[in-house]
Amino acid sequence: MSTSEFLKKLPFAVNPAAIDGMDCTVQLNIAEPAYFVVSNGALAVQPGEADAPDVTLTVSDDNLIKLIKGDLNGVMAYMSGKLQVDGDIMLAKQLPELFDSRKLA
């Protein structure tokens, strides 16, 4: 599955309880930069760069998919240099919890 196909699945794999009351923007610095906005109980993915993201993740496409699916531990990825985080690191730690990994297969 390509990264763009994976990103298109994110709005349909959201864990509603996890994003309830959340309002944030997550920038993904990957091969083709994209970002997602969580607001009003929904998640929307957009191509390009966000104006003022709450957190920016710089990661390879493959590792982004593994990270969101829960197949790659975010702390270990960060410590090993596979993931760079700028901004709200606590938000970055929550990202795998926002999605139902079964819906991302």
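Can you compute the helix-only [θ] at 222 nm over the chain? Use -39500 (n - 2.57) per DSSP H run of at least 4 residues, normalise by all residues, nearest 500 deg cm²/dmol. The helix-only estimate for the chain comes to -7000 deg cm²/dmol at 222 nm. What does the charge dipole of the chain about its Cα centre add up to, to the nearest 20 debye, if the Cβ of each Lys and Arg holds +1 and the Cβ of each Asp and Glu holds -1? Here the size comes out at about 420 debye. Out of every Cα pair in the chain, what percent are spaced more than 24 Å from each other? In whole percent, the share of Cα-Cα pairs in the chain beyond 24 Å is 11.
Under 8 Å for C-alpha pairs, at least 6 residues apart: give me the relative contact order for the chain, rounded to a whole percent. Taking the mean separation of contacting Cα pairs over the length of the chain, I get 29 percent. The spacing between the stretch 6-28 and the stretch 30-105, judged by their C-alpha centroids, is 10 Å. Counting only DSSP beta bridges with both residues in the chain, the antiparallel share comes to about 80 percent.
By accessible area, using a 1.4 Å probe on protein heavy atoms only, the chain has 49% of its surface on carbon and sulfur.
The values are calculated or read from the model by the stated rules, or taken from the named source; none is laboratory data. These figures come from a predicted structure and were not determined experimentally. Glycine also receives a Cβ, built like all others from the backbone with ideal geometry; neighbour counts cover every protein chain displayed. Just so you know, the surface numbers come from the protein's heavy atoms only, side chains and all, with ligands and any DNA or RNA stripped out. Shrake-Rupley method; radii C 1.70, N 1.55, O 1.52, S 1.80 Å.
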